[in-house]
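Colleague: Sharing a structure here in C-alpha cells format.
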Amino acid sequence: MAINRVGVVGCGLMGSGIAQVSAQSGYETVVREISDELLEKGLGKIKKVLARGVEKGKLKQEEMADTLVKITGTVELKDLGDCDIIIEAVTENVDVKKDLFKMLDGISPPHAIFASNTSSLKITDIAGATKRPEQFIGLHFFNPVPLMKLVEVVRTPATSDEAFEAGLGFVSSLGKTPVACKDTTGFVVNRLLIPYLLDGIRAVEAEVASVEDIDVAMKLGCGYPMGPLTLLDFIGLDTILYIAGIMHDEFKQPQYAPPRLLEKMVREGTIGKKAGKGFYDYTK
C-alpha cells in the first residue's frame, strides 16, 4: 500500500492544514471543496500560513513554492480518483461523511485507503458505508495542523494490518507522532479533554473563581499552555457542545453532560473567538 498521491476532501480549517503538511512532505496532493469560493479561501489560507513561515525565517521561499506547486485544488470529486489515500475533513455529521465515502468508493482505485479526520464519531459507522472497511482508518489531526505534532490513528475491528501500518507510516512521514487508538467515541484525547473542559465551565457556573483566575490556576498549577476557558474559546463552544452531546449519548456518564451555561452561550451565539466573544471578548 505505497502512498504517493494524497487526496483531501474539505479545504477548511482542518482540510487546508492537512493538505499543506502533505504537500510540504513531498506528496502530490489534491484537495477538493464544494465551491470555487470555498476552495479559493482554503488555498489562500495555505498561502498565508506558508508566507508567514517565510517571514519568520522558518521556511525558505523555494520551499513555499515547492509546496504550492504540489497542491491541486478542485471542486470535482472525480479528480481524487487516482489517489492512494483520501482523508476526509468535512462537517462532523455521520450521514454527510457516509454519503461522501459511498461516492468515493465508486471512483477510487481498489488499493486506496480511506481515512476520516472525525474527532468524535466512530470510524466503524462511517466505514460501513463503503465496500472496503478493511482499508478504512481514522486519522485525527489536531488544530492547527501545521503546528500540532499528534495524530490519533484509529483502527476498527475490520481494519487490515496493511492499511493500519500504512496509516502509521504516512503520519510519521509528515513529521507527526502517531498514537494508535481503538475505535471508541472520542478516542484518547477527547475522551480525557472534554470532561476537563466541561468541568472548567462548571467551575464558572459555581463561581469558584473568575474566568481569568481559573485559567491562570490551570496554567501555573498544572503547566498547561492555556487555561480551559481560553481553549474553549479557541475550539468553539458550539463544537464542544456537539462533541459532548455525542459522547454523553454514547457513554451515558455525567462527566460528558453539557453544562447549562454552555448550552446558554451557544444559544446566544457567544461561541468563542470565531464569533468575537465567548468567555473572553475578542472585539477589542
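The values are calculated or read from the model by the stated rules, or taken from the named source; none is laboratory data. Just so you know, these numbers come straight off a predicted model, no measurement behind them. Note that we place each Cβ from the backbone using ideal geometry, even for glycine, and neighbour counts take in every protein chain shown.
Colleague: Among the residues of segment 147-165, is there at least one that is within 17 Å of the chain's Cα centre (by Cα) and touching a residue at least 60 places away in the same chain (Cβ under 8 Å)?
Modeller: Within segment 147-165, not a single residue is within 17 Å of the chain's Cα centre (by Cα) and touching a residue at least 60 places away in the same chain (Cβ under 8 Å).
Colleague: Here's a check for you: in segment 55-74, which residue that is part of a loop (DSSP other than H, G, I, E, B) and touching a helix residue (DSSP H, G or I) at 6+ places or on another chain (Cβ under 6 Å) is modelled with the highest pLDDT?
Modeller: K70
Colleague: Let me ask something else. I need the full set of residues from segment 224-239 which are in contact with a Gly (Cβ under 9 Å, 6 or more places away or on another chain) and among the hydrophobic types (A, V, I, L, M, F, W, C), in order please.
Modeller: Answer for segment 224-239, where residues must be in contact with a Gly (Cβ under 9 Å, 6 or more places away or on another chain) and among the hydrophobic types (A, V, I, L, M, F, W, C): L229, L231, L232, F234, I235, L237.
Here's the yes/no breakdown for (1) more than 20 Å from L174 (Cα to Cα); (2) at pLDDT 95 or above; (3) part of a helix (DSSP H, G or I):
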| residue | (1), (2), (3) |
| --- | --- |
| I18 | no, yes, yes |
| K41 | yes, yes, yes |
| G53 | no, yes, yes |
| K78 | yes, yes, yes |
| C83 | no, yes, no |
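Colleague: Let me ask something else about it. Inspect segment 113-124 for any residue being touching a strand residue (DSSP E or B) at 6+ places or on another chain (Cβ under 7 Å), at pLDDT below 95 and assigned by TED's automatic domain parsing to the domain that holds L13 and give the result as yes or no.
Modeller: There is at least one residue in segment 113-124 that is touching a strand residue (DSSP E or B) at 6+ places or on another chain (Cβ under 7 Å), at pLDDT below 95 and assigned by TED's automatic domain parsing to the domain that holds L13.
Colleague: Just to check your reading of the model, which residue among L229, L220 is under 21 Å from the mean Cα position of the chain (by Cα) and at pLDDT 95 or above?
Modeller: Criteria check complete, one pass: L229.
Colleague: In addition: Within segment 31-39, identify whether any single residue is touching a helix residue (DSSP H, G or I) at 6+ places or on another chain (Cβ under 6 Å), among the β-branched types (V, I, T) and part of a loop (DSSP other than H, G, I, E, B), and answer yes or no.
Modeller: Scanning segment 31-39 turns up no residue that is touching a helix residue (DSSP H, G or I) at 6+ places or on another chain (Cβ under 6 Å), among the β-branched types (V, I, T) and part of a loop (DSSP other than H, G, I, E, B).
Colleague: Moving on. Filter segment 97-112 down to the residues that are touching a strand residue (DSSP E or B) at 6+ places or on another chain (Cβ under 9 Å) and outside any loop (DSSP other than H, G, I, E, B), then identify the one that is surrounded by the fewest Cβ atoms within 10 Å (Cβ to Cβ).
Modeller: D105
Colleague: Something else about it: Looking only at segment 255-272, count how many residues are in contact (Cβ under 8 Å) with a residue 40 or more places away in the chain, assigned to a loop (DSSP other than H, G, I, E, B) and of a type in the set (A, V, I, L, M, F, W, C).
Modeller: Within segment 255-272, the first condition is being in contact (Cβ under 8 Å) with a residue 40 or more places away in the chain, and the residues that meet it are 255-262, 272.
Narrowing further to those that are assigned to a loop (DSSP other than H, G, I, E, B): 257-259.
Next cut, of a type in the set (A, V, I, L, M, F, W, C) only: 257.
Number of matching residues: 1.
Results for (1) loosely packed, with under 15 Cβ neighbours inside 10 Å; (2) in contact with a Lys or Arg (Cβ under 7 Å, 6 or more places away or on another chain), shown as yes or no for each residue.
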site	(1), (2)
G175	yes, no
V189	no, no
P195	no, no
V204	no, no
G227	no, yes
I240	no, no
L262	no, no
